[in-house]
Each structure stands twice: as structure tokens, then as C-alpha cells.
Amino acid sequence: MIKICFVCLGNICRSPMAEFIMKDKIKKLNLEDKYYIESRATSYEEEGNDMHIGAKEILNLNNISYTKHKAKRLEIDDYQKFDYFICMDDSNVRNTINIFENDDFNKVFKLNKENVKDPWYTGNFNETYNDLNEGIDKILRGELNEK
Ligand code: 4NP
């Protein structure tokens, strides 16, 4: 079982979108026994909140199902619970390593070479959806970007 945690700043836009897109793909590929997926925030800004309405709308548009979500910040104990922490941008990588105090087992990665833009600021959920889709297909091909 490969345990993946997607990470963004608030855990209401990018990382839960990535979580549900990947869950949809592994379901369609019959790989549900192989992967375990969750998502987390690096901040407490949105703690306990559901996914952003814009994220839900773009998932609906693309027939990706999702469940009720509760934003949750990473805690230090999460380091041992997952094999990979897949971050959306450079600041998420820095903040994730700060929360864990180190990355001794080289678990922290960035999804794409380019930062995944934050739709909280851009308002462009479609662009983010496409970037996430591309990055997740790379994970499923066994390609991950370094820090
Ligand atoms: P996300 O977007 O990191 O993709 O979930 C954000 C959502 C909320 C905030 C920042 C980014 N915020 O500061 O509340």
C-alpha cells in the first residue's frame, strides 16, 4: 500500500481536489488496494472547513465524486503515517519540512516542476484542475518531481 498525502496551504482547494481526482483515477484503474490517499494543510487558516465551492464545481463538471471534507493541518505525527507528501508549491514544501522539523526519509515532493497556482487567489479552478490532472497521471506512471 502506497500512502500519499497531498499538501497545500489551506486544504480547501488544491490538495483536496488532488485527493479526489487521484481517488477517482485509482478507482477507475482498479488500484484501490494499492494506494491510500488523504490531504492536509500547512496552515490552520481553514481548519475544519469543507472544500471550496469552486473546487466542488470543477469536480462536478469533470464527473469526479467527492465526500464531505474537513480541512486539517499537518501534524508532526503524520510523517510516519504516509510514504509521500506531495506539495503544490515551493512554500508548501518549505512549510511541510518545517512542520516535520526534517525530511530524513525523503518523503516530501512537489507535484509538478512548476508550482500549482492557488485558485483561492487566481479564481481559475479549471487551470488548477488541469495541472493537478497532469501531475497525478505522472504519479501513476511512477514519476515524481523532486523538491
Ligand atoms: P489552498 O488555497 O491552499 O489551495 O487550499 C487556499 C485556501 C485558503 C487560504 C489560502 C489558500 N487562506 O489563507 O485562507
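Scanning residues 5 or more positions from residue 6 or on other chains, those with amide H under 5 Å from its amide H are 38, 39, 40, 86, with H placed 1.01 Å from N in the peptide plane. Listed from fewest to most Cβ neighbours within 10 Å, the set 73, 40 follows the order 73, 40. Between 100, 125, 109, the Gaussian network model of the chain with springs among Cα atoms under 10 angstrom shows the greatest mean-square fluctuation at 100. Size descriptor for segment 59-145, Kirkwood hydrodynamic radius: 14.4 Å (Cα pairs only, one decimal). Our helix-only sum for the chain, with -39,500 (n - 2.57) per DSSP H run of n ≥ 4 divided by its residues, gives a mean residue ellipticity at 222 nm of -11500 deg cm²/dmol. Of the cross-linked pairs 25/107; 23/113; 28/138; 28/117; 34/110, those separated by over 25 Å at the C-alpha level are 28/117. Look at 17, 88, 51 and count the other Cβ atoms within 10 Å of each Cβ; fewest to most, that gives 51, 88, 17. From the Cα gyration tensor of segment 1-121, with a ≥ b ≥ c the square roots of its eigenvalues, which class applies: rounded if a/c is under 1.5, or else prolate if a/b is larger than b/c, or else oblate? The shape class here is oblate. Build a GNM of the chain with springs between Cα atoms under 10 Å apart, and of 35, 129, 79 the one that fluctuates most is 35. Oblate is the label for segment 108-147, because a/c, from the alpha-carbon gyration tensor with a ≥ b ≥ c as root eigenvalues, is 1.5 or above and a/b does not exceed b/c.
Rule-based calculations on the coordinates, nothing more; no lab input. As the structure is a prediction and not an experimental result, all values here were calculated from the model. Note: ideal-geometry Cβ built from the backbone for every residue, glycine included; neighbour counts use all protein chains shown.
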